[in-house]
1. How many residues does region 1-50 hold that are of a type in the set (Ser, Thr, Tyr) and either more than 17 Å from the chain's Cα centre (by Cα) or assigned by TED's automatic domain parsing to the domain that holds TYR381 (or both)?
2. With ARG257, ARG261 as the choices, which residue is of a type in the set (Lys, Arg) and surrounded by fewer than 16 Cβ atoms within 10 Å (Cβ to Cβ)?
3. Name the residue that is surrounded by the fewest Cβ atoms within 10 Å (Cβ to Cβ), counting only residues in region 369-379 that are closer than 16 Å to ALA108 by Cα and either of a type outside the set (Gly, Ala, Ser) or at pLDDT below 95 (or both).
4. So, in region 140-177, of the ones that are of a type in the set (Val, Ile, Thr) and under 22 Å from ASP38 (Cβ atoms), which residue ends up farthest from the chain's Cα centre (by Cα)?
5. Among ALA284, ALA313, ALA331, which is the only one that is modelled with pLDDT of 85 or more, aliphatic (A, V, I, L, M) and either touching a helix residue (DSSP H, G or I) at 6+ places or on another chain (Cβ under 9 Å) or farther than 30 Å from ASN209 by Cα (or both)?
6. Kindly establish whether ASP111 is within 17 Å of the chain's Cα centre (by Cα), among the acidic types (Asp, Glu), assigned by TED's automatic domain parsing to the domain that holds TYR151 and at pLDDT 95 or above.
7. When both residues are 6+ apart or on different chains and their Cβ atoms are under 9 Å apart, which pairs have a first residue that lies in region 216-234 and is surrounded by 14 or more Cβ atoms within 10 Å (Cβ to Cβ) and outside any loop (DSSP other than H, G, I, E, B), and a second that is β-branched (Val, Ile, Thr) and modelled with pLDDT under 65?
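The values are calculated or read from the model by the stated rules, or taken from the named source; none is laboratory data. None of the values given here were measured: they were computed from a predicted structure. Positions of Cβ are generated from backbone atoms using ideal geometry, with glycine treated the same way; all protein chains shown enter the neighbour counts.
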Amino acid sequence: MVALVALFRVIVAAHVPVIDDEAYYWLWSQHLSLSYLDHPPLVAWLDAITTWGGRAGWLLRLPAMLATVATTVLMYLLGRDLFDRSTGTRAAALHLAVPVFAIQAVDAIPDPLLYAWWAAAMWSFWHAVHGRREMWWLCGLAVGGGLLSKYPMVVLVAAFAVVLAWPRYRAWWRRPGPCLALGVVVVLAAPIVLWNAGHGWASLHFWLNARQTSGPISGKPLGKTLLDNAAVQFAYGGPVLFPALVWALWKSWRLGRRDERFAFLALAGWPMLLVVAVASLLGAAQGNWPAPAYLSGVVALAAFWPRRIGPPALVSGLALSSLALILVMLAPRMPPWLRWDELYGWREVTAEMERRADALAAPRGLLFLGKHYNQASYFGYNTRGRWPVTTGRVSMFSFWTPPDRFAGWQGIAAVDARDGIGELREDCRHLVPLPDYGVAFPGGGGRRFLIFHCLEYRGTPRAP
């Protein structure tokens with residue numbers, strides 16, 4: 001099953017255009033650094049390695065797909081070593097079935113890397129505290145790799161600290177194992193700390209202002225995000241599988257007083273869910289954030305395996321995961337009323353922008369302008385560096401461009417006609433509409449883009 005699913009995902013990865021975040025992280029790899037504003041650097045470092053000899057979609061996504069296969073194997077090992085082989089097999093199968101893991105497996109984003117390190121940390125830590133001293137090295141490597149992937153790894157570190165506070169494991173505080181693991185973590189996390197120290201702790205300010213215009217999320221009323229995230233979990237986790245995972249984590253918490261295996265799974269899952277719930281109440285969370293907690297839920301559900309819930313949850317999750325990937329791959333050929341086409345059309349409109357840019361006479365210079373980092377990333381990825389690209393919002397583009405570098409330049413901008421101009425009005429002294437551009441899809445219909453000529457760009461915002 002693992003081999004067949006992995007092969008299917010390679011096929012999908014080779015046919016689906018890059019998403020905006022993938023393009024953004026690829027641009028990071030063209031400006032290698034110790035860390036970045038939004039996330040730690042591992043995704044950019046891996047992008048630089050996999051695309052060093054030439055850029056292809058499936059190569060860009062290779063680390064994510066390999067990380068997902070590794071996570072499946074680690075789910076088997078964790079279930080087997082905590083319980084038995086049957087539990088391990090069910091845990092591996094359930095991991096393949098969770099839709100959010102399946103969808104993100106074909107995206108060159110930090111999340112699949114985080115899941116692999118998270119699972120490796122859980123597995124190695126469990127063995128380390130039960131006497132396999134060499135596992136402390138692997139635990140430190142896994143935690144450090146997780147921190148280099150995405151910041152939520154700190155939640156699992158806190159859970160490990162709680163486990164070491166249990167009476168049975170307090171003796172480890174007097175032994176070298178945890179100190180060795182911590183030393184490995186400090187060394188691996190040093191690039192993040194050094195970069196932020198040299199940039200005024202920009203990442204900390206960025207995430208603390210998550211709901212502001214300078215942060216990753218803005219414009220949602222307080223409390224509404226919690227309802228939105230709770231609803232979307234029935235898609236990300238599966239309509240049957242998500243409630244089953246939550247039930248398994250709840251039952252693990254109930255049984256944790258008598259069985260430390262379930263207490264361990266509950267501690268590795270519930271804190272992440274609670275952190276996301278609090279962030280959602282403040283209007284600063286996204287639907288994929290609870291996903292690391294699903295790893296604990298997968299093992300717990302595999303251990304309990306209620307006959308009336310387990311098999312339907314597995315089958316329905318696999319069906320939904322496969323259907324979602326198929327629909328994304330076939331989106332341009334679907335009927336318009338059934339199509340989700342956000343990924344398609346950016347390559348074509350970027351080529352049209354290049355044609356129009358070639359016809360413009362710009363005495364001071366010409367750039368491609370995105371309303372947000374998303375559009376700018378598509379333009380930068382598809383032009384392959386031929387034209388300067390930026391956006392009027394704070395992002396990593398601010399770190400690559402001095403504030404006055406493009407001030408006064410002319411620009412070409414494009415937005416989806418359904419989204420409208422928005423903040424582009426603020427970025428230029430004059431915004432002159434150009435003829436629209438349409439992208440036709442084989443399944444009928446298409447997508448329409450508004451294209452503008454920006455006169456006297458006001459300049460890229462200063463890096464925080």
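1. So the answer is 2.
2. ARG257
3. Result: ASN374.
4. Per the stated criteria, the residue is VAL157.
5. Among ALA284, ALA313, ALA331, only ALA313 is modelled with pLDDT of 85 or more, aliphatic (A, V, I, L, M) and either touching a helix residue (DSSP H, G or I) at 6+ places or on another chain (Cβ under 9 Å) or farther than 30 Å from ASN209 by Cα (or both).
6. yes
7. Note: pairs meeting the criteria are THR225/ILE217.
Per-residue answers, yes or no, for (1) part of a strand (DSSP E or B); (2) in contact with a strand residue (DSSP E or B) (Cβ under 9 Å, 6 or more places away or on another chain); (3) not aliphatic (A, V, I, L, M):
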site: ALA357; (1), (2), (3): no, yes, no
site: SER377; (1), (2), (3): no, yes, yes
site: GLY380; (1), (2), (3): no, yes, yes
site: TRP387; (1), (2), (3): no, yes, yes
site: PRO402; (1), (2), (3): no, no, yes
site: GLY420; (1), (2), (3): no, yes, yes
site: ARG429; (1), (2), (3): yes, yes, yes
site: GLU456; (1), (2), (3): yes, yes, yes
site: PRO461; (1), (2), (3): no, yes, yes
